[in-house]
Each structure stands twice: as C-alpha cells, then as structure tokens.
1. Which ones in the stretch 155-174 are touching a Ser or Thr at 6+ places or on another chain (Cβ under 9 Å), surrounded by 18 or more Cβ atoms within 10 Å (Cβ to Cβ) and hydrophobic (A, V, I, L, M, F, W, C)?
2. Which number in (1) more than 27 Å from Gln333 (Cβ to Cβ); (2) surrounded by fewer than 14 Cβ atoms within 10 Å (Cβ to Cβ); (3) modelled with pLDDT under 75; (4) not acidic (Asp, Glu) marks the one condition that Lys239 misses?
3. Looking at Ala65, is it in a helix (DSSP H, G or I) and crowded, with 21+ Cβ neighbours inside 10 Å?
4. Looking at Ser214, is it at pLDDT below 70 and touching a helix residue (DSSP H, G or I) at 6+ places or on another chain (Cβ under 7 Å)?
5. Would you pick out the residues in the stretch 293-311 that are within 14 Å of Thr171 (Cβ to Cβ), surrounded by 10 or more Cβ atoms within 10 Å (Cβ to Cβ) and charged (D, E, K, R)?
6. Please go through the stretch 139-165 and give me each residue that is in a helix (DSSP H, G or I), within 21 Å of Ala117 (Cα to Cα) and either assigned by TED's automatic domain parsing to the domain that holds Arg291 or of a type outside the set (Lys, Arg) (or both), ordered by number.
Amino acid sequence: MDEQQLNGLLVARGLLEKASATRDDTAPGEITAIILADAAVETAAKAILHGNVKKDRGLVPLIDALNEEWRKAAKKPEGAELDGTGQVKKLRSYRNGVQHDGNIPSAENTSRYLVYAASFVDTATEALIGRPLSELSRAQLLADGPVRDAVEEAEKLAFAGDHNPAGERLTVAFEHVLDAARGDRPWRQRLKLSRQDVRKALSGFHAGSGGGSSLKSKLKDVLDASPMKRSLSSTDRNKLADAMLDGPAIDPSGLEKLFEGIAKEFEWLSEHVEGGAAAGDPAEQAWFRARLGKGWAEWAEQLRYHTVPPEPPITYDEYIRALDFVLRAAVRQQRTSKAPAPAWSRRDIEEQRQSSDDEAE
C-alpha cells in the first residue's frame, strides 16, 4: 500500500467520522450523515481498487469490481460477495432518495446505514489490503516512534469522539517533532538559559559569600601590620576587611527578573525558528499553539510531556486541522533529517572527539 492509496482510505475514514459527528437530531444533520456515509464507501472502494477502475463509475459497479478483486485474491467461487455488499448497495439507493428527492431519513435508518458503511469498508480493506480501515493511520508514514505513537493515540481518541484529549496527544506529537528536529543538528551549541539556570547563577550574589574566616583573618593581619594602621582604628580595619571580602549586600531580584525575561524571549525565538523550520508553515504553527497550547517536559525513567486540555474544547474540524499540521510537520522533519551535516560541523565534531581522546590519554 503506497502513500496515495493510504491517504484515499484515510479520507474515507474521515468521511465516516464526519458523518457521525454531523448528527445533531435535526433533518439537515441526518441528511448530511447519509450523504457522507455513501461518499465514504465510494472513496474507500476507489482507494482499494487503486487505479483499477474506470472514471465516473457509480457506486454499484465499484462494489461489483471490489467483489471481483476479492474473489480472485481469495479464490472464491463466482457469485461470492463480501459481507455487507447488499446493504451498501441499498445505501446508494437510499442516498439518492435523500439527496435528489428531498426525503428526510429517520434517525433509525441513519444509524443503521452508518453501521453498514463502516462495517463494509472495514471488511473490504481487511480482505484486500490486510488491515481493517479502523486500524489504518497516516502515522504509518512516520518513522519516528514517539511521534507515530502520539498520532496513533490521537486518532484512536478522535475515532471514539474524544476530540479534546486527541488534541492533547497532537500537542505531545508536535513536541516530539521539535525534539527530533533539534536532534538533527548535534553540532549546534544550544544556549541553556532556563529560569532555573538564571536563579542558580545569581544565587552567589547574596551577601555573606566572602572568602572565608581564614582569609579574612590574614587580611586583618596585613592591615594591622601596614603603616596605614595609624590612620585607621582597629574597628575601621575590621570593617574594611569585611567589606573587601564579603562585599555589599546585593539583591539579585532585579537581575533575576531581567534574565528571566531574556530566557522567555530565547524560548519564544527557539520555538518560532526551530518550530517554523520543522513545520514550514508559521501561520498554522501560530494557530496550533494558540488553540492547543504547549507541552512541558518531565524526565522520570523516560521523557514525558504534560499538557492542558484546550479551552474551549476543540471541534472535529479543529482536530482535523491540527492533525494535518502535525503530520505535515512530522513528514517534513523526517525528510530534512536525511540531509547530510555541513562540512564545517563535521570538522567541529571531529575536533571535539580528538580533544576528548587526547584528554583521555
């Protein structure tokens, strides 16, 4: 199964998902669901036949062609049909009455035909492709394990109608895409400037971090032995030694605030430069971050990302938009990762390796 065939089958699955999502206890919702279910069967049939089909062929001839292919592949007798064939042929007839004659489908009929459509497409894909439609995913196009796993989890949640949790898994998937993009450039010296790093670096600015009592005593002895002791009292000499080694009390809170702002700015720049390079679509990246947010990392035995549910909850259409964005970014990163490192970076890596070897000796 190539990418074009897989995408066709996934479009069919998307139509089935949309058919279920569009139902809202109204006549337009039921009508739309029937039309989408019928379109899903036709789209899946064309994808399975994969070019072995004449243009402008109706649904019934497509279903007959599918059965013929299945009989050849499975060595079935003439007249044998895939389970559900009769029901989906009736679906086309029922859809014609809805779409062309203005018939309003009952909720019971809509539910029944949605089950017929999904069941038949699952049966046909498993018989002729090797896997049921419900198990197919564009994540199969991805080589990166963490990204692929997160996308597959998102699709399973979305298939069950849980679009908000699915969106959270897509957020995790994109964080892994960025991790992979950063890993593609091992020669890059990344600036480590988190807020925790800033606070740790400034912790030594507090008063009382002088050179120790021994050094202070020696300095006092020097001051006591110098000729200037005549112009300084013993108390003044002690204060001078304290000031020279302990220094004035410095409040680092202002510097912390300044450098934390710089850290936030670097984080923003890194997100947009590296994220933009991976995603290749700054506008969609901005929408994705604004709507689904970011994940924050936690190391235990392995890297895990935590997320916050989107608020308000995302819709089915927003989930599809987010899924398309993450998949495009992942495939793009996957392609660019195969590019060779520049010559200057390889020299730097070799020099670092040689330096480490020399130190070891």
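1. Matches in the stretch 155-174: Val172 only.
2. Result: Lys239 passes all but (3).
3. On the way: in a helix (DSSP H, G or I): yes; crowded, with 21+ Cβ neighbours inside 10 Å: no.
Against the criterion (in a helix (DSSP H, G or I) and crowded, with 21+ Cβ neighbours inside 10 Å), Ala65 does not qualify.
4. Working: at pLDDT below 70: yes; touching a helix residue (DSSP H, G or I) at 6+ places or on another chain (Cβ under 7 Å): no.
For Ser214, the condition - at pLDDT below 70 and touching a helix residue (DSSP H, G or I) at 6+ places or on another chain (Cβ under 7 Å) - is not met.
5. Applying the first criterion (within 14 Å of Thr171 (Cβ to Cβ)) to the stretch 293-311 yields 293-297, 304-311.
Narrowing the set further to residues that are surrounded by 10 or more Cβ atoms within 10 Å (Cβ to Cβ) leaves 293-297, 304-310.
Matches in the stretch 293-311: Lys294, Arg304.
6. Quick first cut of the stretch 139-165, residues in a helix (DSSP H, G or I) only: 139-141, 145-159, 163-165.
Still in the running and within 21 Å of Ala117 (Cα to Cα): 155-159.
Answer for the stretch 139-165, where residues must be in a helix (DSSP H, G or I), within 21 Å of Ala117 (Cα to Cα) and either assigned by TED's automatic domain parsing to the domain that holds Arg291 or of a type outside the set (Lys, Arg) (or both): Glu155, Leu157, Ala158, Phe159.
Yes/no per residue for (1) at pLDDT below 95; (2) surrounded by fewer than 19 Cβ atoms within 10 Å (Cβ to Cβ); (3) under 30 Å from Pro28 (Cβ atoms):
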position	(1), (2), (3)
Arg57	yes, yes, yes
Lys76	yes, yes, no
Gly79	yes, yes, no
Glu135	yes, yes, no
Ala139	yes, no, no
Ala143	yes, yes, no
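The values are calculated or read from the model by the stated rules, or taken from the named source; none is laboratory data. For clarity, every value in this text was computed on a predicted model and none was experimentally measured. So basically every Cβ, Gly included, is an ideal-geometry build from the backbone, and we count neighbours across all protein chains shown.
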